[in-house]
1. Does TRP76 count as assigned to a loop (DSSP other than H, G, I, E, B), in contact with a Pro (Cβ under 7 Å, 6 or more places away or on another chain), modelled with pLDDT of 95 or more and among the aromatic types (Phe, Trp, Tyr)?
2. Cβ-Cβ below 7 Å, separation at least six or inter-chain, first residue in the range 280-295 and outside any helix (DSSP H, G or I), second surrounded by 15 or more Cβ atoms within 10 Å (Cβ to Cβ) and β-branched (Val, Ile, Thr): which pairs?
3. Of all residues in the range 228-254, which are more than 22 Å from PHE190 (Cα to Cα), in a helix (DSSP H, G or I) and in contact (Cβ under 8 Å) with a residue 12 or more places away in the chain?
4. Working only within the range 128-170, note down all residues that are aromatic (Phe, Trp, Tyr) and either farther than 17 Å from VAL106 by Cβ or buried (at least 24 other Cβ atoms within 10 Å of the Cβ) (or both).
5. Right, LEU99: within 14 Å of the chain's Cα centre (by Cα), at negative phi and hydrophobic (A, V, I, L, M, F, W, C) or not?
6. What residue, of ASP83, ASP125, ASP110, is crowded, with 17+ Cβ neighbours inside 10 Å, of a type in the set (Asp, Glu) and either within 24 Å of GLY32 (Cα to Cα) or modelled with pLDDT under 95 (or both)?
7. Tell me, please, whether a residue that is touching a Pro at 6+ places or on another chain (Cβ under 7 Å) and free of Cβ contacts under 8 Å to residues at least 60 places away in the same chain can be found in the range 51-65.
8. With the condition kept exactly as written, say whether any residue in the range 178-185 is touching a helix residue (DSSP H, G or I) at 6+ places or on another chain (Cβ under 9 Å), part of a helix (DSSP H, G or I), among the charged types (D, E, K, R) and surrounded by 22 or more Cβ atoms within 10 Å (Cβ to Cβ).
Amino acid sequence: MTATGATGPSNRQVIAAPHPDHAPLPPASEPGVRELRGVPYREVAGGRPLELDLWLPEGRPAGRRPLVLFVHGGAWRRGRRDDMGLRTRDWSPRPFARLAAAGFVVACADYRLSGEAVFPAPLDDLRAALRWLTLRAADLGVDTGRTVVWGESAGGHLASLLALTPTDPAPVGAVIWYAPSDLTTARGAFAPEDAATPEALLLGAAPAAAPERARAASPLAQVRPGAPPFLLVHGEADSMVARSHSESLAQALETAGSPVELWTVPGADHGWHGLPDAQVEEIFTRSLAFARGLVADGRPAARQ
């Protein structure tokens with residue numbers, strides 16, 4: 001997840017979530033959506049309680065609603081659970097309110113960052129979030145048997161692992177934006193021998209020095225027949241995560257017989273930097289349509 005050199009601020013600096021000293025305060029709830037912020041879902045011995053935010057459509061439906069479990073980015077090192085990335089921060093309605101308006105319960109969960117714990121801790125946390133949501137399903141009116149995981153960048157990497165490894169309940173599909181899929185092989189600016197990369201900090205060692213752990217943390221290595229459908233969207237000009245990560249994952253899923261859509265976006269850098277607003281809206285709209293298709297008619301998508 002290393003940016004190429006450039007004059008002025010790096011892309012990593014541009015897309016990072018604002019510092020708390022000057023970040024905007026969370027806006028008020030939006031019409032038609034009920035928000036629950038800072039709900040504890042897991043206690044970690046010796047660490048901070050982990051929390052999640054919820055967006056729920058107003059009203060009580062006849063049946064339970066499907067779930068989008070969103071996983072934030074930030075190179076596994078930083079980031080905020082309610083941040084879908086640079087290009088959506090000033091949207092009105094906000095992206096999670098849009099998902100709720102489309103009929104989903106939306107959960108955005110904390111996970112332990114690499115300064116707190118190394119892999120597989122963040123993946124364990126997301127599994128714990130899904131367990132808690134299942135435990136409280138009646139209270140929330142949610143059907144976690146129809147969970148779509150959605151993540152961007154490092155969060156997309158973790159969402160991919162959640163969809164590809166044993167998880168109960170198993171997600172019915174994944175929407176993955178510009179995420180790493182392979183922590184074992186040099187791609188773009190990433191070198192597995194470098195102990196200072198975000199990937200190395202996630203693993204607790206340079207990937208080349210911990211090959212088994214790097215493989216376990218690589219979605220590409222976890223692809224098996226029966227994987228749920230994936231939508232992989234990646235910028236062709238991504239300077240931080242080479243687009244070959246999504247291309248290789250798509251090929252592996254296709255070879256395994258699992259449904260996959262790959263969309264590489266011309267002119268797009270990481271975080272959709274460099275795209276016109278209308279194209280970012282199109283990416284979100286198409287991603288939402290894919291998620292809705294997975295849970296249409298109250299049925300989970302069939303695994304192949």
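The values are calculated or read from the model by the stated rules, or taken from the named source; none is laboratory data. Computed from a predicted structure; not experimentally measured. A quick note on method: Cβ atoms are made from the backbone with ideal geometry, for glycine too, and the neighbour counts reach across all protein chains shown.
1. On the way: assigned to a loop (DSSP other than H, G, I, E, B): yes; in contact with a Pro (Cβ under 7 Å, 6 or more places away or on another chain): yes; modelled with pLDDT of 95 or more: yes; among the aromatic types (Phe, Trp, Tyr): yes.
Taking the combined requirement at face value, the residue satisfies it.
2. The qualifying pairs are VAL295/VAL148; VAL295/VAL172.
3. Of all residues in the range 228-254, those more than 22 Å from PHE190 (Cα to Cα) come to 228-231, 253-254.
Then drop every residue that is not in a helix (DSSP H, G or I), which leaves 253-254.
Once the filter is applied, which keeps residues that are more than 22 Å from PHE190 (Cα to Cα), in a helix (DSSP H, G or I) and in contact (Cβ under 8 Å) with a residue 12 or more places away in the chain, the range 228-254 yields only LEU253.
4. Our first condition is that a residue be aromatic (Phe, Trp, Tyr); within the range 128-170, this holds for 132, 150.
Scanning the range 128-170 gives a single hit, TRP150.
5. Answer is no for this residue.
6. Numbers: ASP125 fails: either within 24 Å of GLY32 (Cα to Cα) or modelled with pLDDT under 95 (or both); ASP110 fails: either within 24 Å of GLY32 (Cα to Cα) or modelled with pLDDT under 95 (or both).
Only one candidate passes the filter, namely ASP83.
7. Narrowing the range 51-65 to residues touching a Pro at 6+ places or on another chain (Cβ under 7 Å): 51, 65.
Then drop every residue that is not free of Cβ contacts under 8 Å to residues at least 60 places away in the same chain, which leaves 51.
Checked against the condition, which is being touching a Pro at 6+ places or on another chain (Cβ under 7 Å) and free of Cβ contacts under 8 Å to residues at least 60 places away in the same chain, the range 51-65 yields at least one hit.
8. For the range 178-185, residues touching a helix residue (DSSP H, G or I) at 6+ places or on another chain (Cβ under 9 Å), part of a helix (DSSP H, G or I), among the charged types (D, E, K, R) and surrounded by 22 or more Cβ atoms within 10 Å (Cβ to Cβ): absent.
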